[in-house]
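Everything below concerns the one structure shown next.
The values are calculated or read from the model by the stated rules, or taken from the named source; none is laboratory data. Just so it is clear, the model here is predicted, and its values are computed rather than measured. So basically every Cβ, Gly included, is an ideal-geometry build from the backbone, and we count neighbours across all protein chains shown. Accessible surface areas use protein heavy atoms only, side chains included; no ligands, DNA or RNA. Shrake-Rupley method; radii C 1.70, N 1.55, O 1.52, S 1.80 Å.
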Amino acid sequence: MHSDLPVPAPSPIDWTRTELGDRAGWPASLRLTVDIMFNTPLAMLLMWGRQQIMVFNPAYAELCGVAAQRAPGGMVPSMPPAAWHCNPAAIAAAWGGASSQHHGQSLPLWRDGGASQQRLDLYYTPVRDDSGRVAGVLCALAPSSAAAGAKQGQGAVARPAAALAILVVEDNADALYLACETLRTLGHHATAASSAELALPALAAQRYDLLFSDISLPGMSGIDLARQALATQPHLQILFASGHARALTGHLPFPADALQKPYDIAQLQECLAAISLRLHGAAS
């Protein structure tokens, strides 16, 4: 039965608790873009400012399987959204002021406890501030018109040969949550620690296969943590994630793998698969 009763508005967002700050200080273009995002059924993701503040609407959370994340988002995590890392040229063009459309793009999205490839149409639009400078990039996502024909070819993203017990150390709460949820979805056992000092008791209480740590941590660094961890668990594999990880790990006195931030799901899986093979390959 049709009803003309108005649909209740969603609860207002307290933007002062986000990286964007008080809405009163936003440029008019940002206020308009966010109003459109949160009043449409179309999935939308906004990256605002060169520091890459990420804002997404409920439709995006539902489409991309990130409903458990806090809306409306926050700083871009170590692993950026698939719509961002799949087409760097489109992102660069948008920052340069050019809109673009990309149809039938295959993106890894979370579905039914696993990652699977989904075909989407992506629309990138530059958003300018009050001075006319490009200050953000808006991406709208829609199911691809080619999705029906390609659906049968979709398959789950490959998982490593064996599950790993992983201790994740990251001082950014959002990045720590996302990393642990991603690892669990990929079939691993993840334990979270927000600092090296909190990771040490976890290492003393349990045997892990892998220490997955940021390098720059408050207090003890990830490198010093790894050195102490290896003294008690010599078999432990080390994986660093940092903006300068590769430059540092080549000079370490112990073997370690590295992921350069930002990294995508495929890079993470490839690294974990190699580590799993080293640890469990002979028994597989």
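Of all residues in the range 151-180, those that are acidic (Asp, Glu) and at pLDDT below 75 total 1. Whether any residue in the range 211-220 is open to solvent by 60 Å² or more (accessible area, probe 1.4 Å), within 28 Å of Ala82 (Cβ to Cβ) and not aliphatic (A, V, I, L, M) is what I want to check. So far as the range 211-220 goes, yes, one or more of its residues are open to solvent by 60 Å² or more (accessible area, probe 1.4 Å), within 28 Å of Ala82 (Cβ to Cβ) and not aliphatic (A, V, I, L, M). Applying the condition of being of a type in the set (Val, Ile, Thr) and assigned to a loop (DSSP other than H, G, I, E, B) to the range 6-21 and asking which residue is modelled with the lowest pLDDT yields Val7.
I'd like the full set of residues that are modelled with pLDDT under 70 and in contact with a strand residue (DSSP E or B) (Cβ under 7 Å, 6 or more places away or on another chain), limited to the range 111-144.
Looking only at the range 111-144, we keep the residues that are modelled with pLDDT under 70, and these are 111-115.
The answer is Gly114, Ala115.
Of all residue pairs spaced 6 or more apart or on separate chains, those with beta-carbon atoms under 7 Å, a first member in the range 161-185 that is within 17 Å of Leu109 (Cα to Cα) and a second member that is surrounded by fewer than 20 Cβ atoms within 10 Å (Cβ to Cβ) and among the small types (Gly, Ala, Ser) are Cys180/Ala192; Glu181/Ala68; Thr185/Gly113; Thr185/Gly114.
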